[in-house]
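The values are calculated or read from the model by the stated rules, or taken from the named source; none is laboratory data. For clarity, every value in this text was computed on a predicted model and none was experimentally measured. Every residue, glycine as well, gets a Cβ built from its backbone with ideal geometry; the counts of neighbours run over all protein chains shown. Note: areas computed on protein heavy atoms with side chains; ligands, DNA, RNA excluded. Shrake-Rupley method; radii C 1.70, N 1.55, O 1.52, S 1.80 Å.
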Amino acid sequence: MTASRLRVAVSPLRRDVSRRRSADALPMVDAVVAVLRPEEPLHCLRPAAITAAARSFVEAFEGRTLYAVKCNPDPRVLAALWRGGVRAFDCASPAEVALVRQVLPDATIHYMHPVKARSAIRTAWHQHGVRDFAIDSEAELDKILAETGPTEELGLIVRLALPKGNAALDLSGKFGIAPEDAPALLRRARGVTARLGISFHVGSQCADPARWSAAIALAGDVAVAAGVKLDMLDVGGGFPVAYAPEDDLPQLGAFMAEIDAGAAALCERLGDLAPAEIWAEPGRALVAQGASVVVQVQARKGDALYINDGVYGSLADAGSLNWRFPLRPVRRTDARLRRFTLFGPTCDSLDRMDGGFWLPEDIAEGDWIEIGQLGAYGATLRTAFNGFDRGQLVEVADAPLLETPGYAIA
Ligand SMILES: *Cc1c(COP(=O)(O)O)cnc(C)c1O
(Lines give C-alpha, C1' and ligand atoms only; values in the text may rest on other atoms or scores of the structure.)
Protein backbone atom coordinates (compact mmCIF):
# COMPACT_ATOMS: atom_id res chain seq x y z
CA MET A 1 0.00 0.00 0.00
CA THR A 2 1.32 3.45 -0.86
CA ALA A 3 0.75 6.60 1.12
CA SER A 4 -1.45 8.05 -1.60
CA ARG A 5 -3.84 5.11 -1.33
CA LEU A 6 -4.40 5.75 2.37
CA ARG A 7 -7.58 7.54 3.18
CA VAL A 8 -6.25 10.15 5.55
CA ALA A 9 -9.57 11.68 6.48
CA VAL A 10 -8.96 15.37 6.22
CA SER A 11 -11.41 16.03 3.40
CA PRO A 12 -14.46 18.16 4.16
CA LEU A 13 -17.49 16.24 5.19
CA ARG A 14 -20.14 15.54 2.56
CA ARG A 15 -23.49 16.98 3.40
CA ASP A 16 -25.23 13.70 2.74
CA VAL A 17 -24.09 12.07 5.92
CA SER A 18 -26.90 9.54 5.92
CA ARG A 19 -25.10 7.65 3.19
CA ARG A 20 -23.50 4.68 4.88
CA ARG A 21 -19.82 4.40 4.11
CA SER A 22 -18.64 0.83 3.73
CA ALA A 23 -15.95 -0.04 6.23
CA ASP A 24 -14.03 -2.21 3.78
CA ALA A 25 -12.99 0.90 1.86
CA LEU A 26 -10.95 1.92 4.91
CA PRO A 27 -7.45 0.64 5.74
CA MET A 28 -6.38 -1.32 8.81
CA VAL A 29 -4.32 0.33 11.57
CA ASP A 30 -1.24 -1.85 10.99
CA ALA A 31 -1.17 -0.99 7.27
CA VAL A 32 -1.38 2.72 8.01
CA VAL A 33 1.45 2.50 10.55
CA ALA A 34 3.60 0.53 8.09
CA VAL A 35 3.27 3.29 5.51
CA LEU A 36 3.27 6.44 7.62
CA ARG A 37 5.72 5.25 10.33
CA PRO A 38 4.25 8.05 12.48
CA GLU A 39 6.49 9.83 14.95
CA GLU A 40 3.52 11.85 16.23
CA PRO A 41 0.32 10.37 17.68
CA LEU A 42 -1.86 8.75 15.03
CA HIS A 43 -5.57 9.01 15.83
CA CYS A 44 -7.50 6.10 14.36
CA LEU A 45 -11.22 6.74 14.02
CA ARG A 46 -13.57 3.77 13.63
CA PRO A 47 -16.74 5.22 12.15
CA ALA A 48 -18.40 1.81 11.80
CA ALA A 49 -17.89 1.10 15.51
CA ILE A 50 -19.49 4.45 16.43
CA THR A 51 -22.45 3.78 14.16
CA ALA A 52 -22.85 0.30 15.67
CA ALA A 53 -22.71 1.54 19.27
CA ALA A 54 -25.19 4.32 18.48
CA ARG A 55 -27.56 1.86 16.88
CA SER A 56 -27.32 -0.47 19.91
CA PHE A 57 -28.20 2.37 22.26
CA VAL A 58 -30.98 3.86 20.13
CA GLU A 59 -32.58 0.43 19.77
CA ALA A 60 -32.27 -0.42 23.47
CA PHE A 61 -33.53 2.93 24.79
CA GLU A 62 -37.25 3.57 24.47
CA GLY A 63 -37.04 7.31 24.13
CA ARG A 64 -35.10 10.11 22.50
CA THR A 65 -31.31 9.71 22.43
CA LEU A 66 -29.40 13.00 22.68
CA TYR A 67 -25.67 12.64 22.00
CA ALA A 68 -23.56 14.76 24.40
CA VAL A 69 -21.39 16.57 21.87
CA LYS A 70 -18.57 17.59 24.27
CA CYS A 71 -17.49 13.98 24.46
CA ASN A 72 -16.19 14.03 20.87
CA PRO A 73 -17.26 16.82 18.51
CA ASP A 74 -15.40 15.62 15.39
CA PRO A 75 -17.69 16.06 12.35
CA ARG A 76 -16.94 12.49 11.24
CA VAL A 77 -18.10 11.28 14.65
CA LEU A 78 -21.31 13.30 14.43
CA ALA A 79 -21.95 11.85 10.96
CA ALA A 80 -21.32 8.28 12.15
CA LEU A 81 -23.78 8.80 15.01
CA TRP A 82 -26.39 10.11 12.59
CA ARG A 83 -25.96 6.97 10.48
CA GLY A 84 -26.59 4.98 13.67
CA GLY A 85 -29.94 6.69 14.18
CA VAL A 86 -29.07 9.56 16.55
CA ARG A 87 -31.14 12.60 15.60
CA ALA A 88 -30.84 14.83 18.69
CA PHE A 89 -27.75 16.47 20.15
CA ASP A 90 -26.97 17.82 23.62
CA CYS A 91 -24.86 20.94 23.14
CA ALA A 92 -23.30 23.12 25.83
CA SER A 93 -21.65 26.03 24.00
CA PRO A 94 -22.28 28.33 21.04
CA ALA A 95 -19.49 26.59 19.11
CA GLU A 96 -21.08 23.16 19.63
CA VAL A 97 -24.48 24.47 18.54
CA ALA A 98 -23.04 26.03 15.37
CA LEU A 99 -21.02 22.91 14.59
CA VAL A 100 -23.93 20.50 14.86
CA ARG A 101 -26.16 22.82 12.83
CA GLN A 102 -23.49 23.00 10.10
CA VAL A 103 -22.69 19.28 9.95
CA LEU A 104 -26.24 17.98 10.44
CA PRO A 105 -28.74 20.58 9.23
CA ASP A 106 -31.74 18.44 10.19
CA ALA A 107 -30.60 17.59 13.71
CA THR A 108 -32.58 18.62 16.78
CA ILE A 109 -30.33 20.57 19.12
CA HIS A 110 -30.96 20.85 22.86
CA TYR A 111 -28.98 23.40 24.85
CA MET A 112 -28.32 21.44 28.04
CA HIS A 113 -25.79 23.62 29.86
CA PRO A 114 -27.62 25.17 32.83
CA VAL A 115 -25.46 28.33 32.79
CA LYS A 116 -25.25 30.17 29.47
CA ALA A 117 -24.03 33.53 28.22
CA ARG A 118 -26.90 35.77 27.07
CA SER A 119 -25.37 35.92 23.58
CA ALA A 120 -25.24 32.12 23.49
CA ILE A 121 -28.97 31.89 24.24
CA ARG A 122 -29.67 34.56 21.65
CA THR A 123 -27.77 32.94 18.75
CA ALA A 124 -29.03 29.46 19.59
CA TRP A 125 -32.65 30.65 19.63
CA HIS A 126 -32.63 33.12 16.73
CA GLN A 127 -30.01 31.64 14.38
CA HIS A 128 -29.92 27.92 15.00
CA GLY A 129 -33.50 27.02 15.83
CA VAL A 130 -32.74 25.72 19.32
CA ARG A 131 -35.94 25.57 21.37
CA ASP A 132 -35.10 23.52 24.47
CA PHE A 133 -32.82 24.83 27.20
CA ALA A 134 -31.66 23.46 30.56
CA ILE A 135 -31.91 25.66 33.66
CA ASP A 136 -31.05 25.20 37.32
CA SER A 137 -32.02 28.59 38.74
CA GLU A 138 -34.62 31.35 38.49
CA ALA A 139 -31.90 33.71 37.27
CA GLU A 140 -31.17 31.48 34.29
CA LEU A 141 -34.88 31.34 33.47
CA ASP A 142 -34.97 35.16 33.52
CA LYS A 143 -32.01 35.28 31.12
CA ILE A 144 -33.68 32.92 28.66
CA LEU A 145 -37.01 34.76 28.74
CA ALA A 146 -35.23 38.08 28.18
CA GLU A 147 -33.65 36.72 25.00
CA THR A 148 -36.60 34.80 23.56
CA GLY A 149 -39.33 37.26 24.50
CA PRO A 150 -42.87 35.95 24.93
CA THR A 151 -43.15 32.66 23.01
CA GLU A 152 -45.24 29.53 22.74
CA GLU A 153 -42.26 27.47 21.56
CA LEU A 154 -39.86 27.38 24.51
CA GLY A 155 -38.94 24.07 26.16
CA LEU A 156 -37.33 24.07 29.62
CA ILE A 157 -35.55 21.24 31.38
CA VAL A 158 -34.86 21.72 35.09
CA ARG A 159 -31.58 20.06 36.03
CA LEU A 160 -31.71 18.41 39.42
CA ALA A 161 -28.66 18.05 41.67
CA LEU A 162 -28.10 14.49 42.86
CA PRO A 163 -26.41 13.36 46.05
CA LYS A 164 -22.84 12.21 45.43
CA GLY A 165 -22.90 8.73 43.96
CA ASN A 166 -20.45 6.08 42.92
CA ALA A 167 -19.69 7.05 39.34
CA ALA A 168 -16.04 7.31 38.39
CA LEU A 169 -16.61 11.01 37.70
CA ASP A 170 -19.14 12.78 39.86
CA LEU A 171 -21.01 15.59 38.11
CA SER A 172 -23.39 16.77 40.82
CA GLY A 173 -21.12 19.18 42.69
CA LYS A 174 -21.34 21.89 40.07
CA PHE A 175 -24.76 22.02 38.42
CA GLY A 176 -28.30 21.26 39.36
CA ILE A 177 -30.90 22.71 41.72
CA ALA A 178 -31.35 21.17 45.16
CA PRO A 179 -34.42 18.90 45.35
CA GLU A 180 -36.01 21.14 48.00
CA ASP A 181 -35.71 24.22 45.76
CA ALA A 182 -36.74 22.54 42.53
CA PRO A 183 -40.57 22.54 42.97
CA ALA A 184 -40.77 26.35 43.00
CA LEU A 185 -38.65 26.59 39.85
CA LEU A 186 -40.75 23.92 38.13
CA ARG A 187 -43.97 25.76 38.98
CA ARG A 188 -42.65 29.01 37.66
CA ALA A 189 -41.24 27.39 34.50
CA ARG A 190 -44.56 25.63 33.86
CA GLY A 191 -46.23 29.00 33.52
CA VAL A 192 -43.97 30.15 30.66
CA THR A 193 -43.00 26.99 28.77
CA ALA A 194 -44.60 24.77 26.16
CA ARG A 195 -42.57 21.74 27.26
CA LEU A 196 -41.30 21.10 30.77
CA GLY A 197 -38.84 18.43 31.83
CA ILE A 198 -36.64 17.29 34.69
CA SER A 199 -33.09 16.09 34.05
CA PHE A 200 -30.18 14.78 36.08
CA HIS A 201 -26.77 13.22 35.51
CA VAL A 202 -25.75 10.30 37.71
CA GLY A 203 -22.04 10.94 36.98
CA SER A 204 -19.84 9.72 34.16
CA GLN A 205 -18.74 6.09 33.83
CA CYS A 206 -21.36 4.96 36.36
CA ALA A 207 -21.37 1.17 36.58
CA ASP A 208 -24.39 0.82 38.89
CA PRO A 209 -27.75 0.65 37.05
CA ALA A 210 -29.65 1.26 40.31
CA ARG A 211 -28.33 4.84 40.36
CA TRP A 212 -30.74 5.64 37.54
CA SER A 213 -33.83 4.26 39.22
CA ALA A 214 -32.88 6.03 42.47
CA ALA A 215 -32.48 9.33 40.60
CA ILE A 216 -35.82 8.84 38.83
CA ALA A 217 -37.44 8.25 42.23
CA LEU A 218 -35.94 11.53 43.47
CA ALA A 219 -37.27 13.29 40.38
CA GLY A 220 -40.65 11.80 41.32
CA ASP A 221 -40.48 13.31 44.82
CA VAL A 222 -39.74 16.70 43.30
CA ALA A 223 -42.53 16.36 40.73
CA VAL A 224 -45.06 15.40 43.40
CA ALA A 225 -44.03 18.40 45.51
CA ALA A 226 -44.31 20.69 42.47
CA GLY A 227 -47.70 19.32 41.43
CA VAL A 228 -47.30 20.36 37.80
CA LYS A 229 -47.61 18.43 34.57
CA LEU A 230 -44.28 17.19 33.16
CA ASP A 231 -43.62 16.56 29.48
CA MET A 232 -40.17 14.97 29.60
CA LEU A 233 -37.96 13.01 31.94
CA ASP A 234 -34.28 13.21 30.93
CA VAL A 235 -32.13 10.52 32.54
CA GLY A 236 -28.82 12.09 31.44
CA GLY A 237 -25.63 10.31 30.45
CA GLY A 238 -23.07 8.34 32.42
CA PHE A 239 -23.45 4.93 30.77
CA PRO A 240 -20.12 3.13 31.22
CA VAL A 241 -17.77 1.40 28.79
CA ALA A 242 -15.12 -1.25 29.37
CA TYR A 243 -11.59 0.11 29.73
CA ALA A 244 -9.41 -2.45 31.47
CA PRO A 245 -9.84 -5.95 30.01
CA GLU A 246 -11.03 -7.29 33.38
CA ASP A 247 -13.71 -4.61 33.81
CA ASP A 248 -16.90 -6.46 34.68
CA LEU A 249 -19.79 -4.25 33.63
CA PRO A 250 -23.51 -5.00 33.59
CA GLN A 251 -25.04 -5.40 30.12
CA LEU A 252 -26.55 -2.31 28.49
CA GLY A 253 -29.92 -4.02 28.95
CA ALA A 254 -29.52 -3.92 32.75
CA PHE A 255 -29.32 -0.10 32.66
CA MET A 256 -32.37 0.07 30.39
CA ALA A 257 -34.32 -2.27 32.69
CA GLU A 258 -33.66 -0.02 35.71
CA ILE A 259 -34.66 3.06 33.73
CA ASP A 260 -37.84 1.36 32.48
CA ALA A 261 -38.76 0.22 35.99
CA GLY A 262 -38.07 3.67 37.43
CA ALA A 263 -40.09 5.37 34.69
CA ALA A 264 -43.01 2.98 35.16
CA ALA A 265 -43.08 3.67 38.90
CA LEU A 266 -42.88 7.40 38.21
CA CYS A 267 -45.85 7.28 35.82
CA GLU A 268 -47.87 5.34 38.36
CA ARG A 269 -47.10 7.92 41.04
CA LEU A 270 -47.74 11.01 38.91
CA GLY A 271 -50.81 9.80 37.04
CA ASP A 272 -52.04 12.58 34.72
CA LEU A 273 -49.00 14.69 35.55
CA ALA A 274 -46.54 12.04 34.30
CA PRO A 275 -44.19 12.85 31.40
CA ALA A 276 -45.02 11.35 28.02
CA GLU A 277 -41.42 11.40 26.79
CA ILE A 278 -38.14 10.04 28.09
CA TRP A 279 -34.75 11.31 26.97
CA ALA A 280 -31.16 10.17 27.58
CA GLU A 281 -27.89 12.04 26.95
CA PRO A 282 -25.18 9.41 26.42
CA GLY A 283 -21.72 10.60 25.42
CA ARG A 284 -18.97 8.18 26.36
CA ALA A 285 -20.99 5.02 25.68
CA LEU A 286 -21.59 5.92 22.05
CA VAL A 287 -18.08 6.93 21.03
CA ALA A 288 -15.41 5.54 23.40
CA GLN A 289 -14.86 2.42 21.32
CA GLY A 290 -14.74 4.54 18.19
CA ALA A 291 -11.16 5.75 18.34
CA SER A 292 -7.67 4.65 19.33
CA VAL A 293 -4.30 6.37 19.31
CA VAL A 294 -1.09 4.84 18.00
CA VAL A 295 1.85 6.17 20.00
CA GLN A 296 5.57 5.62 19.48
CA VAL A 297 8.09 4.71 22.17
CA GLN A 298 10.78 7.37 22.13
CA ALA A 299 12.87 5.97 24.97
CA ARG A 300 12.87 3.09 27.42
CA LYS A 301 14.41 3.16 30.88
CA GLY A 302 13.77 -0.15 32.63
CA ASP A 303 10.04 -0.46 33.00
CA ALA A 304 9.41 3.20 32.07
CA LEU A 305 8.37 3.95 28.50
CA TYR A 306 8.58 7.52 27.19
CA ILE A 307 5.89 7.88 24.52
CA ASN A 308 4.75 10.73 22.28
CA ASP A 309 1.30 11.27 23.81
CA GLY A 310 0.32 11.84 27.42
CA VAL A 311 -1.91 13.52 29.95
CA TYR A 312 -1.79 16.88 28.15
CA GLY A 313 -2.68 15.04 24.97
CA SER A 314 -5.36 12.42 24.52
CA LEU A 315 -4.46 10.40 27.63
CA ALA A 316 -5.69 12.80 30.34
CA ASP A 317 -7.69 10.14 32.16
CA ALA A 318 -4.67 7.82 32.33
CA GLY A 319 -3.00 10.50 34.46
CA SER A 320 -5.19 12.04 37.14
CA LEU A 321 -7.67 9.14 37.21
CA ASN A 322 -5.08 6.41 36.74
CA TRP A 323 -7.26 4.69 34.19
CA ARG A 324 -5.86 1.79 32.24
CA PHE A 325 -6.77 1.61 28.61
CA PRO A 326 -6.53 -1.54 26.49
CA LEU A 327 -3.35 -1.55 24.47
CA ARG A 328 -1.33 -3.71 22.09
CA PRO A 329 2.06 -3.49 20.44
CA VAL A 330 1.77 -2.99 16.69
CA ARG A 331 4.85 -5.18 16.08
CA ARG A 332 4.18 -8.90 16.52
CA THR A 333 6.18 -10.46 19.33
CA ASP A 334 5.89 -13.53 21.53
CA ALA A 335 7.78 -12.01 24.45
CA ARG A 336 6.28 -12.37 27.92
CA LEU A 337 4.27 -9.47 29.30
CA ARG A 338 5.70 -7.04 31.81
CA ARG A 339 4.13 -4.10 33.65
CA PHE A 340 5.19 -0.67 32.40
CA THR A 341 4.68 2.92 33.50
CA LEU A 342 4.15 5.37 30.65
CA PHE A 343 5.53 8.92 30.51
CA GLY A 344 4.15 11.54 28.13
CA PRO A 345 6.27 13.86 25.99
CA THR A 346 5.96 17.14 27.94
CA CYS A 347 8.52 18.31 30.47
CA ASP A 348 5.97 18.26 33.31
CA SER A 349 6.50 15.51 35.87
CA LEU A 350 2.71 15.13 36.16
CA ASP A 351 2.78 13.79 32.59
CA ARG A 352 2.93 10.24 33.88
CA MET A 353 0.55 7.28 33.56
CA ASP A 354 0.89 4.83 36.38
CA GLY A 355 -2.17 2.63 36.03
CA GLY A 356 -0.06 -0.38 35.05
CA PHE A 357 0.25 -1.13 31.37
CA TRP A 358 1.10 -4.69 30.33
CA LEU A 359 3.26 -4.95 27.24
CA PRO A 360 5.80 -7.44 25.84
CA GLU A 361 9.06 -7.22 27.80
CA ASP A 362 11.07 -6.69 24.60
CA ILE A 363 9.29 -3.43 23.76
CA ALA A 364 11.89 -0.89 22.60
CA GLU A 365 12.52 2.59 21.27
CA GLY A 366 10.79 3.03 17.91
CA ASP A 367 7.99 0.54 18.61
CA TRP A 368 4.41 1.62 18.08
CA ILE A 369 1.68 0.88 20.61
CA GLU A 370 -2.04 1.17 19.89
CA ILE A 371 -4.09 2.43 22.84
CA GLY A 372 -7.83 1.80 22.56
CA GLN A 373 -11.15 3.16 23.85
CA LEU A 374 -10.08 6.79 23.38
CA GLY A 375 -13.02 8.01 21.34
CA ALA A 376 -14.59 9.71 24.37
CA TYR A 377 -12.80 12.59 26.13
CA GLY A 378 -9.56 11.64 24.32
CA ALA A 379 -8.46 13.75 21.37
CA THR A 380 -10.96 16.44 22.39
CA LEU A 381 -9.01 17.14 25.61
CA ARG A 382 -5.66 17.60 23.85
CA THR A 383 -3.72 20.76 24.67
CA ALA A 384 -0.88 22.54 22.86
CA PHE A 385 1.27 22.50 26.01
CA ASN A 386 4.97 22.24 25.21
CA GLY A 387 4.21 22.06 21.48
CA PHE A 388 2.95 18.49 21.51
CA ASP A 389 -0.44 18.96 19.88
CA ARG A 390 0.45 17.56 16.49
CA GLY A 391 -0.77 14.32 15.01
CA GLN A 392 -2.77 12.88 12.18
CA LEU A 393 -6.19 11.32 12.00
CA VAL A 394 -7.15 8.40 9.81
CA GLU A 395 -10.38 6.47 9.50
CA VAL A 396 -9.80 2.74 9.86
CA ALA A 397 -11.77 -0.49 9.50
CA ASP A 398 -10.46 -2.29 12.61
CA ALA A 399 -12.79 -3.50 15.35
CA PRO A 400 -12.39 -1.78 18.75
CA LEU A 401 -9.72 -3.15 21.11
CA LEU A 402 -12.33 -3.98 23.73
CA GLU A 403 -16.01 -4.85 23.78
CA THR A 404 -18.55 -3.35 26.20
CA PRO A 405 -21.37 -5.78 27.10
CA GLY A 406 -24.53 -5.13 25.14
CA TYR A 407 -23.08 -2.92 22.41
CA ALA A 408 -22.45 -4.08 18.86
CA ILE A 409 -18.80 -3.40 18.05
CA ALA A 410 -18.88 -2.86 14.28
C1 LIG B 1 -21.02 15.28 29.88
C2 LIG B 1 -22.49 15.22 29.93
C3 LIG B 1 -23.18 14.14 29.37
C4 LIG B 1 -22.48 12.92 28.83
O5 LIG B 1 -21.95 12.15 29.87
P6 LIG B 1 -21.28 10.72 29.60
O7 LIG B 1 -20.78 10.31 30.92
O8 LIG B 1 -20.19 10.94 28.61
O9 LIG B 1 -22.35 9.83 29.06
C10 LIG B 1 -24.55 14.18 29.36
N11 LIG B 1 -25.24 15.23 29.88
C12 LIG B 1 -24.61 16.29 30.42
C13 LIG B 1 -25.42 17.40 30.97
C14 LIG B 1 -23.23 16.32 30.47
O15 LIG B 1 -22.60 17.36 31.03
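What ranking do 102-112, 64-74 get when scored by the average of other Cβ atoms within 10 Å per residue, highest first?
Numbers: 102-112: 19.6, 64-74: 24.2.
Ranked from most to least packed, the peptides come out as 64-74, 102-112.
With labels modelled as points extended 7 Å from the Cα through the Cβ direction, what inter-label distance (nm, one decimal) is found for residue 386 paired with residue 192?
According to this spin-label approximation, the distance is 4.9 nm.
What's the carbon and sulfur percent of the chain's accessible surface, probe 1.4 angstrom, rounded to a whole number?
51 percent
Working out 0.36 nm times the residue gap between residue 341 and residue 264, then minus their Cα-Cα distance, what length gain in nm do you get to one decimal?
Between residue 341 and residue 264, full extension yields 22.9 nm more.
Grab the chain and count how many Lys pairs have their alpha-carbon atoms under 20 Å apart, sequence gap of 8 or more, or different chains.
Lysine pairs satisfying the spacing and distance rule in the chain number 6.
Quick one: Kirkwood hydrodynamic radius for the stretch 30-151, alpha-carbon pairs, angstrom, one decimal?
Value: 16.1 Å, from the Cα pair sum.
State the extension gain, in nm to one decimal, for the chain segment bounded by residue 139 and residue 174, taking 0.36 nm per residue of separation less the distance between their alpha-carbons.
Full-extension gain reported as 11.0 nm.
Using per-residue counts of other Cβ atoms within 10 Å, averaged over each peptide, order 243-252, 47-56 from highest down.
Ranked by mean Cβ neighbours within 10 Å, highest first: 47-56, 243-252.
To check you understand DSSP bridge types, tell me what percent of the beta bridges within the chain (both residues inside) are antiparallel, rounded to 5.
Antiparallel bridges make up about 40 percent of those DSSP assigns within the chain.
Pairs of Cα atoms under 8 Å, at least six residues apart: use those to get the relative contact order of the chain, whole percent.
21 percent
Just from its helices, what would the mean residue ellipticity at 222 nm be for the chain, if runs of 4 or more DSSP H residues each count -39500 (n - 2.57) and the sum is divided by every residue, rounded to the nearest 500 deg cm²/dmol?
Values: 11 runs with 114 residues, N = 410.
Mean residue ellipticity at 222 nm (helix-derived): -8500 deg cm²/dmol.
Among rounded, prolate and oblate, which fits the chain when a ≥ b ≥ c are the square roots of the eigenvalues of its C-alpha gyration tensor, a/c under 1.5 means rounded, and a/b larger than b/c means prolate?
prolate
Quick one: if the Förster radius is 25 Å, what FRET efficiency do residue 322 and residue 95 give, using the C-beta to C-beta distance and rounding to 0.05?
0.25
Give me the distance between the Cα centres of the stretch 203-246 and the stretch 343-373, rounded to whole Å.
For the stretch 203-246 versus the stretch 343-373, the Cα centre distance is 36 Å.
If you restrict to DSSP beta bridges whose two residues both lie in the stretch 113-280, what percentage is antiparallel, to the nearest 5? Write out the running numbers ahead of the final one.
Values: 1 of 17 bridges.
In the stretch 113-280, DSSP labels about 5 percent of beta bridges as antiparallel.
Starting from one equal scatterer on each C-alpha and no solvent at all, send me the Debye-based log10 I(q)/I(0) for the stretch 113-280 at q = 0.09, 0.10, 0.13, 0.16 Å⁻¹, two decimals.
Log10 of I(q)/I(0), two decimals: -0.31, -0.38, -0.63, -0.91.
At 7 Å along the Cα-to-beta-carbon direction for both residue 403 and residue 303, put a label point, then send me their distance in nm to one decimal.
For the pair residue 403/residue 303, the computed spacing is 3.1 nm.
Rank-order 229-236, 136-143, 386-393 by packing density, defined as the average count of other C-beta atoms within 10 Å over each peptide's residues, highest first.
So the order, starting with the most tightly packed, is 229-236, 136-143, 386-393.
Once you put a point 7 Å from the Cα of residue 254 and another 7 Å from the Cα of residue 118, both along the Cβ direction, what distance in nm separates them?
Placing both labels 7 Å beyond Cα along the Cβ direction yields 5.0 nm.
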